[in-house]
Amino acid sequence: GDAGRRGGIGGRGPAATAAAAPSEPMRLSGLALAGANRRAEAGPDDEDGIVTAEEIAALDLRGVERVVLSACRTGVGDVLTGEGVTGLRRAFRVAGARTLVMSLWEVDDRAAADWMRSLYANDARGLDAAAAVRAACREQLVTRRAAGASVHPAYWGAFVAVGEGR
């Protein structure tokens, strides 16, 4: 929709974002999907490749057990007076998703891909989200240590599970 065009994630610069901040906090977070780099060409009724937290919150995701967001800082939001923490985490929970797995800081691409493989392998073993996250962290720590790679938490500790579990 045209929500992102007025400011926030799809806005036209700092002025648009600043203007959206006080009255439209759920437009400041979102996901860029296929076509987002061509959004200027989208007509008013066309998909623009941007889905805002506001649009996510309006979805019915009550049947979704787990949402996994592997991009950087997907679990971070702004704290606004009277609103609490806004952002993707809040949007998916409002929409009804039971559990979210998301990152709290910038994530190294290779480390994140390795961590995600561990997460899904543990999920396939039947572990709930929190246990799968813990197991993936431990596995990556052990693997990195054995390879002589850095064991700094930046490489294995960015992801958390939030929600109801199974």
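Laboratory data are not the source of any read-out in this text; all were calculated from the coordinates shown. None of these values were measured; they are calculated from a predicted model. Virtual Cβ from ideal backbone geometry, glycine too; neighbours counted across all protein chains shown.
Rounded to the nearest 20, the size of the Cβ-charge dipole of segment 33-166 about its Cα centre is 860 debye, with Lys and Arg at +1 and Asp and Glu at -1.
For segment 43-59, putting each phi into the Karplus relation 6.51 cos²θ - 1.76 cosθ + 1.60 with θ = phi - 60° gives couplings of x, x, 9, 8, 5, 9, x, 10, 10, 7, 4, 4, 5, 5, 4, 7, 6 Hz, in residue order, rounded to whole numbers and with x for Gly and Pro. D by Stokes-Einstein for segment 36-166, Kirkwood Rh over Cα pairs, 4 °C, 1.567 mPa s: 80 µm²/s.
Charged neighbours of Y155, selected by a Cβ distance under 15 Å, balance to 0 (K, R count +1; D, E count -1). Over segment 97-164, calculate the relative contact order: mean separation of alpha carbon pairs under 8 Å at least 6 apart, over the residue count, as a percent. Across segment 97-164, relative contact order equals 54 percent. Among residues other than F92 with Cβ under 13 Å from its Cβ, the summed charge is +1 (Lys and Arg +1, Asp and Glu -1).
Within the shell defined by Cβ-Cβ distances under 12 Å, the residues around V51 carry a net charge of -2, with Lys and Arg each +1 and Asp and Glu each -1.
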